[in-house]
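To start, the structure itself, in structure tokens.
The values are calculated or read from the model by the stated rules, or taken from the named source; none is laboratory data. The shown structure was predicted, so the numbers you read here are calculated from the model rather than taken from an experiment. So basically every Cβ, Gly included, is an ideal-geometry build from the backbone, and we count neighbours across all protein chains shown.
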Amino acid sequence: MAKGVKPRVRVPKKAAAGEIITIKTLISHTMESGQRKDADGNIIPRSIINRFTCDFNGQNVIDVTIEPAVSTNPFFEFEAKVPESGEFKFTWYDDDGSVYETSKPITVG
Amino acid sequence: MRVSIAILAMALGATGAYSGEDASLTLEDGQSLTIRTDAPPHTENLSEITSGWVYRSDETQALQLDDFDNPAFVFVDQGIDLYAAVDGSEGKACASCHENVEDFAGLRASMPKVVDGELVTMENLVNNCRTERMGAEPWKWSGGQMTAMTALIGLQSRGMPVNVAIDGDAAPFWEAGKELYYTRVGQLDMACSNCHEDNYGNMIRADHLSQGQINGFPTYRLKNAKLNSSHGRFKGCMSNIRATPFAEGGDEFKALELYLASRGNGLSVETPSVRN
Amino acid sequence: MTLTRRKVLALGAGGLALAGLGLPAWAAETTEEAIASFTGGAEMGEGLLTLTTPEIAENGNTVPVEVSAEGAASIMLLATGNPLPNVATFNFGPLAGARHGSTRIRLAGTQEVMAIARMEDGTFQKASATVKVTIGGCGG
């Protein structure tokens with residue numbers, strides 16, 4: 001597992017039924033591109049977050065395929081429809097097999 | 001000398017890409033920061049002082065408006081963890097003695113300051129607690145743990161006006177810093193003032209020169225995607241004029257830090273700021 | 001390790017299996033190949049997809065980009081001047097509130113950034129923008 005990986009998400013606490021809300025997410029990760037060389041001229045192996053997903057009550061909101069060209073500390077902003085109260089689940093997939101998860105509840109009404 | 005003129009000659013170009021010079025810095029929560037104000041009387045050669053934020057492109061500026069968008073907060077979060085983490089032979093964390101980090105509000109605005117005849121910076125205060133009170137190893141001046149901590153402590157003063165003391169005990173340090181600021185050094189034979197006082201607002205190659213203020217440190221730079229200490233930045237500027245930089249944490253840079261901070265007296269603390 | 005393109009392609013099938021194990025998949029495509037594998041060679045229209053980028057980026061490490069196309073099922077982002085042109089693909093699920101996404105990307109230099117949307121009706125849209133990446137001259 002890469003060091004110091006920490007997800008951050010911003011989701012409003014409340015919404016009206018069917019409202020479209022904006023979500024921002026960021027995870028601390030170096031996103032080593034596999035293109036850089038170390039001081040001895042050896043390629044530093046690629047190590048990135050290669051996929052990010054957001055689901056709400058088991059239904060998908062967005063599923064992003066990520067390549068090394070996404071910046072350090074990958075940031076995503078997108079919109080979600082909120083049909084009912086429930087929980088957003090966020091998942092980041094690391095090249096090294098680690099999976100980072102966090103979730104945020106939202107209340108409708 | 002000739003080289004430096006050539007560099008600056010390239011510089012004096014249009015600044016059309018930057019609408020930012022008239023922008024105001026209002027954070028997402030509505031707090032408005034002072035990014036330009038009358039220069040303090042001891043800054044004789046400037047009538048107005050401006051934050052380095054003003055000189056950045058619209059996109060870079062935008063990153064500092066919302067703490068969620070500001071990548072520096074990744075490191076502030078790490079600082080929060082460090083604050084609560086037990087370290088050293090005494091089995092203590094920062095939080096064992098300083099329960100609320102909020103209690104440090106105002107400290108950053110007055111740093112660096114003189115304590116018992118010695119000029120100390122935020123890094124000194126933090127490491128002093130680590131070595132003297134926790135029995136822990138000192139953190140590296142510009143290392144990730146130190147900058148995360150100075151960002152967290154500095155953030156507690158965000159929005160407060162910088163107000164460092166330059167008289168009394170501080171006077172000799174301030175004079176030394178001023179001397180360094182105006183002394184030409186390096187193969188390019190330039191002083192800090194040649195760029196940051198004589199040419200702010202102009203382009204140097206593709207970079208938009210600011211007044212070299214330090215009210216936003218530690219600063220997240222797009223260039224290296226991490227927090228940077230002010231001494232780290234001084235070092236970079238000295239290397240760029242092909243001078244041998246002074247040591248981070250050394251007397252010269254501490255004096256320079258005091259002098260530069262005083263040139264920003266009246267600007268808001270912006271910690272943690274975002275720069276290119 | 002040096003791999004010719006053919007070897008890379010030959011590794012493709014095995015590569016998929018490896019990707020399932022969470023190991024990095026090879027992504028060494030050219031822009032044309034990346035577009036072809038996304039569109040299957042279909043025509044691309046213009047006008048329904050918006051790509052927002054800065055005109056000038058102060059640093060190529062962190063360039064904000066935004067894509068938006070009403071009715072898109074997925075939107076692929078390409079940096080045509082990078083050694084590997086693929087950047088990211090946004091796939092929208094049933095609870096997507098808009099066919100819109102923003103992220104921050106790395107650009108190796110001044111270049112054309114491209115977005116291609118696969119619309120829900122199976123057609124494709126494209127948009128592109130030139131981003132000038134400045135190289136800071138000084139200041140450490």
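Looking at the range C:93-117, which of its residues are surrounded by fewer than 24 Cβ atoms within 10 Å (Cβ to Cβ), more than 13 Å from chain A (Cβ to nearest Cβ) and not hydroxyl-bearing (Ser, Thr, Tyr)? Answer for the range C:93-117, where residues must be surrounded by fewer than 24 Cβ atoms within 10 Å (Cβ to Cβ), more than 13 Å from chain A (Cβ to nearest Cβ) and not hydroxyl-bearing (Ser, Thr, Tyr): just C:112.
Does residue C:123 meet the test of being farther than 25 Å from residue B:224 by Cα and at pLDDT 95 or above?
Working: farther than 25 Å from residue B:224 by Cα: yes; at pLDDT 95 or above: yes.
Taking the combined requirement at face value, the residue satisfies it.
Summed over the range A:52-109, residues that are among the small types (Gly, Ala, Ser) and either closer than 20 Å to residue C:104 by Cα or in a strand (DSSP E or B) (or both) total 5.
How about the range C:41-80: which of its residues are among the small types (Gly, Ala, Ser), away from chain B (no Cβ under 14 Å) and surrounded by 18 or more Cβ atoms within 10 Å (Cβ to Cβ)? I'd like the intermediate steps shown before the answer.
Quick first cut of the range C:41-80, residues among the small types (Gly, Ala, Ser) only: C:41-42, C:45, C:47, C:57, C:60, C:68-69, C:71-74, C:79.
Imposing the further condition that a residue be away from chain B (no Cβ under 14 Å) reduces the set to C:41-42, C:45, C:47, C:68-69, C:71-74, C:79.
Result: C:68, C:69, C:72, C:74, C:79.
Residues in the range B:124-144 that are part of a loop (DSSP other than H, G, I, E, B) and touching an Asp or Glu at 6+ places or on another chain (Cβ under 7 Å): 4 in all.
Given the options B:153, B:166, name the one that is under 16 Å from the mean Cα position of the chain (by Cα) and closer than 20 Å to residue B:258 by Cα. Only one candidate qualifies: B:153. Selection within the range B:60-76: residues that are free of Cβ contacts under 8 Å to residues at least 60 places away in the same chain and out of contact with any helix residue (DSSP H, G or I) (no Cβ under 6 Å at 6 or more places or on another chain). The member of this set that is surrounded by the fewest Cβ atoms within 10 Å (Cβ to Cβ) is B:66.
The helices (runs of 4 or more DSSP H) falling completely within the range B:6-123 that include 1 or more residues that are modelled with pLDDT of 95 or more, not assigned by TED's automatic domain parsing to the domain that holds residue B:174 and not polar (S, T, N, Q) map to B:72-84, B:94-97. Filtering the range A:73-100 to residues that are buried (at least 16 other Cβ atoms within 10 Å of the Cβ), farther than 19 Å from residue C:91 by Cβ and within 7 Å of chain C (Cβ to nearest Cβ) leaves only A:95.
Say whether the condition of being closer than 25 Å to residue B:68 by Cβ and either modelled with pLDDT of 95 or more or within 11 Å of another protein chain (Cβ to nearest Cβ) (or both) is met by at least one residue in the range B:255-268. Yes: the range B:255-268 contains one or more residues that are closer than 25 Å to residue B:68 by Cβ and either modelled with pLDDT of 95 or more or within 11 Å of another protein chain (Cβ to nearest Cβ) (or both).
Against the test of being within 27 Å of residue B:225 (Cβ to Cβ) and of a type outside the set (Phe, Trp, Tyr), the options B:162, B:114, B:120 yield a single qualifying residue, B:162. For the range A:50-64, a residue qualifies if it is buried (at least 21 other Cβ atoms within 10 Å of the Cβ) and closer than 16 Å to residue A:31 by Cα, and the qualifying residues are A:50, A:52, A:64. Remark: residue B:231 matches the filter, which requires a residue to be surrounded by 22 or more Cβ atoms within 10 Å (Cβ to Cβ) and farther than 21 Å from residue B:60 by Cα.
If you go through the range C:81-92 and keep only what is within 7 Å of chain A (Cβ to nearest Cβ) and in a loop (DSSP other than H, G, I, E, B), you end up with C:82, C:83, C:84.
Within the range B:212-247, the residues that satisfy the criterion of being within 12 Å of chain C (Cβ to nearest Cβ) and either in contact (Cβ under 8 Å) with a residue 60 or more places away in the chain or among the β-branched types (Val, Ile, Thr) (or both) are B:212, B:219, B:220, B:222, B:225, B:226, B:228, B:229, B:231, B:232, B:241.
For the range A:24-57, residues that are facing another protein chain (nearest Cβ under 10 Å) and out of contact with any Phe, Trp or Tyr (no Cβ under 6 Å at 6 or more places or on another chain) total 15.
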